[in-house]
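First comes the structure, then the notes that go with it.
The values are calculated or read from the model by the stated rules, or taken from the named source; none is laboratory data. Since this is a predicted model, take the numbers as computed values, not measurements. Don't worry about glycine lacking a Cβ; one is built from the backbone with ideal geometry, like all the others, and counts go over all protein chains shown. Ligands, DNA and RNA are stripped out before the accessible areas are found, and what is left, the full protein with its side chains, is counted by its heavy atoms. Shrake-Rupley method; radii C 1.70, N 1.55, O 1.52, S 1.80 Å.
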Amino acid sequence: MVQQKYGTFDVGTIKENQAGRVAYYIYTDNGSIMPDHLKHYYYIEYDEWGVVYKVYESSQLGG
């Protein structure tokens with residue numbers, strides 16, 4: 001339902017009967033005061049039934 005409402009995920013894909021994480025791109029921090037120059041995303045974690053249990057904002061993984 002999330003993908004139908006907001007469009008294709010920018011990071012990750014939904015896998016049937018598997019828990020996972022997907023994300024939507026928000027912005028890249030290139031601000032004038034202490035920028036981190038990383039891409040920031042809304043991450044969505046879901047369980048093996050496809051039920052979303054956590055949504056959070058964070059910079060790109062591994063950054």
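Residue by residue, here is whether (1) of a type in the set (Phe, Trp, Tyr); (2) touching a Cys at 6+ places or on another chain (Cβ under 7 Å); (3) open to solvent by 60 Å² or more (accessible area, probe 1.4 Å) holds:
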| residue | (1), (2), (3) |
| --- | --- |
| Thr28 | no, no, no |
| Tyr43 | yes, no, no |
| Tyr46 | yes, no, no |
| Val51 | no, no, yes |
So, first residue within 15 Å of Ser58 (Cα to Cα) in region 1-25, second residue among the aromatic types (Phe, Trp, Tyr) and not in a strand (DSSP E or B), Cβ within less than 7 Å, six or more apart or across chains; the pairs are Val22/Phe9; Ala23/Phe9; Tyr24/Tyr6; Tyr24/Phe9
May I ask you to list pairs of residues, at least six apart or on different chains, whose Cβ atoms are under 9 Å apart, with the first in region 41-57 being within 16 Å of Ile26 (Cβ to Cβ) and the second being open to solvent by 60 Å² or more (accessible area, probe 1.4 Å) and among the basic types (Lys, Arg)?
Tyr43/Arg21; Tyr43/Lys54; Ile44/Arg21; Ile44/Lys54
Grab the strands (runs of 3 or more DSSP E) fully contained in the chain, keeping just those with 1 or more residues being β-branched (Val, Ile, Thr) and out of contact with any helix residue (DSSP H, G or I) (no Cβ under 8 Å at 6 or more places or on another chain).
20-28, 52-59
Name the single residue that is surrounded by the fewest Cβ atoms within 10 Å (Cβ to Cβ) among those in region 14-26 being at pLDDT below 90 and out of contact with any strand residue (DSSP E or B) (no Cβ under 7 Å at 6 or more places or on another chain).
Glu16
